[in-house]
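Have a look at the structure below before the remarks.
Any read-out appearing in this document is the output of simple, stated calculations on the displayed coordinates, not a laboratory observation. Computed from a prediction, not measured in an experiment: that's the story for all the values here. As a convention, Cβ positions derive from the backbone with ideal geometry for all residues, glycine included, and neighbour counts pool all protein chains shown.
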Amino acid sequence: MNVRFTSVPLFFFAGGIVAVGAAVDPAVPRYEPRPLVPPQHATYQTADGAISIVGYNDMAEMLGTLTTRFAALHPGFAFALDLKGTRTASPALASGKSALAPMGAEFSPRELADFRAVANGEPLVIRIAHASLNPRALSGPLAIFVHRDNPLASLTMTDLAAIFTGADTALGLRPCGVSAEAALGLFFRERALAGRSLAADFVGFPQSADVVKRVGEDVRAIGFAAAMRATPDVRILALAPNASSPAIALTDENLITGRYPLDRHLLICARRPLEPWVREFLRFVLARDGQQLIASGTLGYLPLSARDAAIERAKLAPE
């Protein structure tokens, strides 16, 4: 097993030290508005013609600024935001009650199956921002926590998978984390375990704060949870993609550049085929103008790199 130890904490994150307003990659192209006709009598429009968007509550500030600016650039557009939670997004998009689905987590297998059954197709999933290290935010990257007195400093992703599947018990660590069927649990199994089952002695908890509390009380515990729920009783491990790569600390820079292995994103999903105005709105969000609005938010969500923004824009090409 490739692990590193230290006699003092290698990395500690307790929130509150994250700078608000990360710089946007200057290579992200600026937005150039195009003539656009507002939708007429769409199922997702309110009685007064506003475009309804249903979804994630922690994107209220972000979507408020994005839709306001887009409407200023495109006269005739108005939006009505109904943002109560990620799990409201997919059903509303599938049924046509919402034009877009802003989400703080990926589709669960059940949600995806339900969407396909109603919409008769696959959703288009667009990453618009990285998760936040700010403790005020609800969506953070996944972190691996150990007790503050545990000398373990880092793990490779292979070692991490071995510990959490029970394939390697040499370190005597007790694995725990967010419930396997919750959004974070599903993400961890997919990203870190390649879909494999968690160890028989794995202990799941409803919330990230519960995981962090457990790890802070047990020097032999190791857990996965949202990074911004850290406390002084725990440390966050650096993670190496493989044995020949250096361990990557959890920082804003390493999230934006895509180096940290357990990064997560905020998403906007849409129905196919894309309506012209939907394509244009997403093009705006992925341009420097939209990314600057995202970066200026008070919750610390991080803008995409030019490379990642280009990958997402390519998804908008007509099919």
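For the pair Ala60/Thr169, report the inter-label distance in nm, with labels modelled 7 Å from Cα in the Cβ direction.
Those two pseudo-labels are separated by 4.7 nm.
Using the Karplus curve 6.51 cos²θ - 1.76 cosθ + 1.60 with θ = phi - 60°, work out ³J(HN,Hα) for each residue of the range 135-144 in order, rounded to whole Hz, and write x for Gly and Pro.
x, 7, 7, 9, 10, x, x, 7, 10, 9
Quick check on the exposure proxy: order Ser90, Ser245 from fewest to most C-beta atoms within 10 angstrom.
Ser245, Ser90
Search the structure for amide H atoms under 5 Å from the amide H of Gly55, placed 1.01 Å from N in the peptide plane, and list their residues when 5 or more places away or on another chain.
Asp82, Leu83, Lys84, Gly85
Could you run the Debye sum over the Cα atoms of the range 75-183, one equal point scatterer each and no solvent, and tell me log10 of I(q)/I(0) at q = 0.11 Å⁻¹, two decimals?
For the range 75-183 at q = 0.11 Å⁻¹, log10 I(q)/I(0) is -0.56.
Would you look at the GNM of the chain, springs on alpha carbons closer than 10 Å, and say which of Arg148, Arg196, Arg136 moves the most?
Judging by the Gaussian network model, the answer is Arg196.
Return one number: the angle in degrees, 0 to 90 and rounded to the nearest 10, between the long axis of the Cα atoms of helix 276-285 and the longest principal axis of the Cα atoms of the chain.
Once rounded, the angle reads 40 degrees.
Short version: ³J(HN,Hα) in whole Hz for each residue of the range 256-269, in order, from phi by Karplus 6.51 cos²θ - 1.76 cosθ + 1.60 (θ = phi - 60°), x for Gly and Pro, what are they?
In residue order, the calculated couplings are 4, 7, x, 7, 6, x, 10, 5, 10, 9, 8, 10, 10, 10 Hz.
Which ³J(HN,Hα) values, rounded to whole Hz and listed in residue order, are derived for the range 156-166 from phi using the Karplus coefficients 6.51, -1.76 and 1.60 in 6.51 cos²θ - 1.76 cosθ + 1.60 with θ = phi - 60°, glycine and proline given as x?
So the Karplus estimates, Gly and Pro as x, are 7, 5, 5, 5, 4, 5, 5, 5, 7, 9, x Hz.
Given the range 62-124 reduced to its alpha-carbon atoms as identical point scatterers, what log10 I(q)/I(0) does the Debye formula return at q = 0.15, 0.22, 0.24, 0.30 Å⁻¹?
These q points yield log10 I(q)/I(0) values of -0.52, -0.91, -1.00, -1.28.
With springs connecting C-alpha atoms under 10 Å apart, model the chain as a Gaussian network and identify which of Val24, Val37, Val125 has the largest mean-square fluctuation.
Evaluated over the chain, the most mobile residue of the options is Val37.
One quarter of the convex hull surface, Cα atoms only: what value does that give for the chain in nm²?
16.3
Please report the antiparallel percentage of the DSSP beta bridges confined to the chain, to the nearest 5.
60
Over the Cα atoms of the range 214-270, Rg to Rh with Kirkwood Rh, two decimal places?
1.03
5 Å is the cut-off here: which amide hydrogens, built 1.01 Å from N in the peptide plane, fall below it relative to His265, excluding neighbours closer than 5 in sequence?
Excluding prolines and chain starts, which carry no amide H, the hits are Ala131.
Would you please give the residues with an amide H less than 5 Å from that of Ile144, counting only those at least 5 places away or on a separate chain, with H modeled from the backbone geometry?
Result for Ile144 returns Leu237.
Given the -39500 (n - 2.57) contribution per DSSP H run of 4+ residues, what per-residue ellipticity at 222 nm results for the chain, rounded to the nearest 500 deg cm²/dmol?
-8500 deg cm²/dmol
Would you list which lysines come within 29 Å of Lys315, measuring only between C-alpha atoms, while excluding same-chain residues fewer than 8 positions from it?
Qualifying lysines at Cα under 29 Å: Lys84, Lys97.
How would His130, His74 line up from fewest to most surrounding beta-carbon atoms within 10 angstrom?
His74, His130
Which part of the range 91-115 falls in the paramagnetic zone of Ser179, meaning amide N under 17 Å from the point 7 Å along Cα-to-beta-carbon?
105-106, 108-111
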